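So the structure is just underneath, and the comments pick up after that.
The numbers here are math on the coordinates, done by the rules we state, and not lab data. Note that this is a predicted model, so its numbers are computed, not measured. Note: ideal-geometry Cβ built from the backbone for every residue, glycine included; neighbour counts use all protein chains shown.
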Amino acid sequence: MTASRRIPAASLVTIVVCGALACGPQRPTDGTAGHRAPGASTALQNSTATGAMTSQHVRGAGARLADGRVVVTGGWSPASTAMDVFDPVSGTWAAGPPSPGGRDDHFALALGDGRVALAGGTASSVDVFDPASGTWAHLADAYRQYSAAALLEDGRVLVVGGYDGVISDLASVAIFDPVLGTLQPTGSLQTSRDAHRVVALADGRALVLGGRHASTDLASTELYDPQTGTFSPGAPMSTPRMTPAVVRLADGRVLVAGGWHGAELASAEIYDPAANTWTPTGSMLHARQLHQAVLLPDGRVAVVGGVVAGAISTADVEVFDPATGTFALGASLMQARYYETSVLLATGQLLAAGGEGSGTYLTSAEIVDLGPCTPTTCAAAGKTCGAIPDGCGGTLACGSCAAGETCTANVCGVCAPATCGSLGASCGAASDGCGGTLQCGTCGAGQACVSGACVCTPTTCAAQGKTCGTLPDGCGGTLSCGSCGAGTACSASNVCVALPGNATFDAAFGAPRCAAPGASSCGSGSLLVGRAALGPELHAPNTIDGCADRTAGTFHSDESLDALRVSTLDGAPFAAGSAVRLEADVWAYTGYSSDALDLYVAADATKPAWKLVTTIVPSKAGAQTLSTTTTLPRGGTVQAVRGVFRFGGSALPCSTGSYDDHDDLLFPVVQPPDTTPPTVTLTAPAATYLAGTITLQATASDDVGVVRVAFLDGTMEVASAVAPPWQASWNTTGVANGARTLSAVAYDAAGNSASASRQVVVDNAKPTAQLVSPAAGATVSGTVTIAADATDNEAVVKVAFYDGTVLVGTRTASPWSVSWSAASAASGSHALTAQAFDAAGNVGVSPAVTVTVAGGSAGTGVATFDSVRRVPLCASVGVSCDSGTLLNGRAGLGPEVNAPNTLGGSCGDGTSGTYHVDESLDRLKISTLDGGPLAAGKTVRVDATVWVWGASSDWLDLYYAASADSPTWTFIKTIAPTASGLQTLSTTYVLPSGAVQAIRGVFRYGGSAASCAAGSYNDVDDLAFAVQ
């Protein structure tokens, strides 16, 4: 049981139930041998035990399936999702699939299509079980405790009233359509109620009876019309009843028996839907509550278990005979039990399962045989005409009357028609007793015809939603609705509202707070008047987080925020989702157009995160009230509003202007149950193929807050995160290679969850690579084809070919081969390799193949164009690398080929001007100063040949990159030409580490230094070269 659950007095789950009602009885004791209620019959025990259930079901519900099996579901302590399935052939129980939502005090209703709907009781959904597939469907509803449900004649399910778990009985009603699979609201009850009962009538309507409203037991009833979706008053019962047993008889009438009204009840009465009347019938042998009534095949009714007067649980099963209107002892259970589940088996026997007895929750069950029914006779019943029930589900024909006689109450006699006057009827239609119908008139405005009499039914304070003062009862009298507590006042609409200015300073929060629960308005009064030490403001700065006020100016000459108020628009208590008005009293400076009021709301005052609602500019100088409306968010039970009244500046929760005033106001907010799941997106990994340790990441949000994100491989959790950025690591080497489902599941504090998933492939297997050309030991010259075979368990996506550590080229599709310029390589021995890559990033390296280059360069490198990097390249290490004529010109101006000659084509040249009139970078050369090969750590000279248009406006910027394959450009120097025309500009730098490096020249007209400077006359060129 949760602390918020309000328990009806009739539920008997505490030792003593006290409150607005008188104290209820003691917890029931066991009614087995030695504890039977005084005067109870000692009938033979004609009951046999079944196997035990797999779960306890106390306050559960059951239904018989089409194949004869029985399902028992739910229960209490706590609200359970468990389901047990009983096989009457073997007499054994087995666990069924759990329901999506836990519930108790509910109703299990066998639908026409073979499914079972769980509705009503204490739950926030309608759940539907399909025995054919063993699956559940879940339809969310408002949270209800002690609600009722019934299966209508049209096959739909009506879910009625209940208690919201916090403060109020409910008048709301929902209707489930099994064909459409929808749960929709329908018309509301005229009187909100809980602990009531609803029964479907044969004419398609439904009867709602009894229960409790605002701590008052009810005798009233209401009739639901499914055609109009509305409720109308029905005739009241003779006795108020909470949680009675109710069943529709075979002839369409309704039997209600027992229940609670200050004590257990033994009385019973029968409702006639055709006449809208209640008639007392014989009382039960025991006054009882928490019992169940089951219609037997022969038309009788079995009343099972429960608690009898004196707080004693009973094993007696009473049987009601509609023919005689009496109860008799029919059988005894093996175990006294209450809150049990009773279901009629296909054999006509009764299954009683679970419940509570002997002070424990029971898993036992038993089958009760109530024996054959002996039909009555016309003579025994004293009837001489017409047809009457035989008491066993059949009908007796008692003959017809002689001429001149009338069959009245199944007895022949001379009929004298009654009159409206003799019947005491002043309205409506009534039988004249001789087969005719009397019309006895209609009632005046504000009256209703009840049992032939025009009566005025007084309203109640609760029915009108009033909590204080006096108001007419609608029948000439006056209702007194009480008085309001401290800090509240009775409004003109007879509702207690919080007094403006009722906040007091809360030292723990450091700001004014309205602490009383149920408030619908809250104001700071005079607590905030002034700013800092300017004016009478107490407890400055009056902010939760200590945001200080600024001290410039004079009180009520310069800016101050003097009061804050918040109130609901409908006068109801503050609750998440409520529309509220925010008001602020401010003093504006004479230059008021420069002032602004920013209003913020924090969903949880204990950890405020300020959200801007609006900014308002004053309309005049001096005192005035500024206001707006907003909706209270979900969050904590104490929320806050902040006002920031500032001179100039911009909207900030804690601004720093010299004239700025900051104040907070705290107020209580009711938080309804959180049933909204989070949203989640799996953002990493983005790749489909995964290898090694990878980063898992998700984005997640919730209307209240996400508390955890779990990452799943299939159904197994592999990692989790408890805070943004919702990131974790996963080592994929611990799982098998192949396709997998990767999911992110986000959870909020209420246990709601949502998931997002995608298909990935784990691949930790490296590809294999083997060079097939040239052959090992071969002597090569000129242009040589390097070819390889490459395979992978998934797919090879790239093969890279290397001369030592220098990349020769790559291929992204078969055949895996590239061309290698041996002529540009140094003469001598070279080790060639191939590296194969798969989509997961695994790399397989081939064994090296050693070849001899004949006729290669002598070490002075002349670059050739590299179609992979798209720049001139010296692929072998030499003492220098020279672009030669490859860069001569700019874009389409001059003989430059392969423009723009930048790595990957990443930076384009300007296209304006004329070749060797306007700017161009014609040649790049790099060489060692010591005459040795290019190597990391050596000082090298860079020579750039340029054509200069104007010496005063042209500039050469030089850069280097340690890797030509993933260049990051480092600035070397900017050099100014000394004259127009062709000249060579030079500088030096130290080579970093890197197998294949690059230099870049940017020759520009004006502008400023940048590695890819844009300009109509600018020329950008790169040179790549191998380094030891």
**OP:** Kindly list the residues of the range 348-385 that lie in the label zone of THR326, defined by a backbone N under 12 Å from the point 7 Å along the Cα-to-C-beta vector.
**Re:** 381
Subject >> Shape category assigned to the range 9-368 from the gyration tensor of Cα positions, a/c cut at 1.5 >> reply: rounded
Original post:
The list [x] 1.46; [y] 0.98; [z] 1.16 gives values of Cα Rg over 2.2 N^0.38 Å, and only one came from this structure; which label was calculated from it?
Top reply: [x]
Original post:
For the chain, what is the mean residue ellipticity at 222 nm derived from helices alone (per DSSP H run of n ≥ 4: -39500 (n - 2.57); sum divided by total residues; nearest 500 deg cm²/dmol)?
Top reply: 0 deg cm²/dmol
Original post:
What spacing in nm lies between the two simple spin-label points modelled at ALA202 and THR779, each 7 Å away from Cα in the Cβ direction?
Top reply: 11.5
Original post:
Mean separation of Cα pairs under 8 Å and 6+ residues apart, divided by the residue count of the chain: what relative contact order is that in percent?
Top reply: 5
**OP:** Name the shape class, rounded, prolate or oblate, that the alpha-carbon gyration tensor gives for the range 658-703, where a ≥ b ≥ c are the square roots of its eigenvalues, rounded holds for a/c under 1.5, and otherwise prolate holds if a/b is larger than b/c and oblate otherwise.
**Re:** oblate
Original post:
Quick one: if the Förster radius is 60 Å, what FRET efficiency do GLN759 and CYS434 give, using the C-beta to C-beta distance and rounding to 0.05?
Top reply: 0.15
**OP:** Subtract the Cα-Cα distance of ALA936 and ALA979 from 0.36 nm times their separation in residues, and report this length gain in nm to one decimal.
**Re:** 12.0 nm
Original post:
Got a sec to turn the phi values of the range 49-56 into Karplus ³J(HN,Hα) couplings, 6.51 cos²θ - 1.76 cosθ + 1.60 with θ = phi - 60°, whole Hz, x for Gly and Pro?
Top reply: 7, 9, x, 7, 6, 7, 9, 7
Original post:
With labels modelled as points extended 7 Å from the Cα through the Cβ direction, what inter-label distance (nm, one decimal) is found for THR681 paired with SER526?
Top reply: 5.5
Original post:
How large is the dipole of the range 862-1026 about the Cα centre if only Lys and Arg carry +1 and Asp and Glu carry -1, each at its Cβ, rounded to the nearest 20 debye?
Top reply: 280
**OP:** Evaluate the distance, in nm, between pseudo-label points positioned 7 Å from the Cα of SER993 and of THR812 along their respective Cα→Cβ axes.
**Re:** 3.0
Original post:
Counting only the backbone N, which residues of the range 165-182 are under 19 Å from the spot 7 Å out from the Cα of ASP154 toward its beta-carbon?
Top reply: 173-182
Original post:
So if we plug the beta-carbon distance of SER493 and HIS539 into 1/(1 + (r/R0)^6) with R0 = 41 Å, what FRET efficiency do we get, rounded to 0.05?
Top reply: 0.75
**OP:** First check a/c for the range 488-668, with a ≥ b ≥ c the square roots of the eigenvalues of its C-alpha gyration tensor; if it is under 1.5, answer rounded, and if not, answer prolate when a/b is larger than b/c or oblate otherwise.
**Re:** prolate
**OP:** Would you mind calculating the gained length between SER557 and ASP113 on full extension (0.36 nm times residue separation, minus the Cα-Cα distance), in nm to one decimal?
**Re:** 152.1 nm
Subject >> Note, ³J(HN,Hα) from phi for the range 379-386, Karplus 6.51, -1.76, 1.60, rounded to Hz, x at Gly and Pro >> reply: 5, 4, 7, x, 10, 10, 7, x
Original post:
Using unit Cβ charges (K, R positive; D, E negative) and no other charged atoms, how large, in debye to the nearest 20, is the dipole of the chain about its Cα centre?
Top reply: 580
Subject >> Sequence of ILE312, ILE616 once ranked by neighbouring C-beta atoms within 10 Å, starting from the fewest >> reply: ILE616, ILE312
Subject >> Estimated FRET transfer efficiency when R0 is 22 angstrom, pair THR741-ASN793 (beta carbons, to 0.05) >> reply: 0.65
**OP:** Subtracting the Cα-Cα distance from 0.36 nm times the residue separation, let me have the gained length for THR279 to ASN898 in nm, one decimal.
**Re:** 212.3 nm
**OP:** Would you work out the relative contact order for the range 679-762, in percent, from Cα pairs under 8 angstrom that are 6 or more residues apart?
**Re:** 35
Original post:
Can you sort PHE1025, PHE647, PHE865 by how many other beta carbons sit within 10 Å, fewest first?
Top reply: PHE865, PHE647, PHE1025
Original post:
So how do HIS286, HIS916 line up by other beta-carbon neighbours within 10 Å, fewest first?
Top reply: HIS916, HIS286
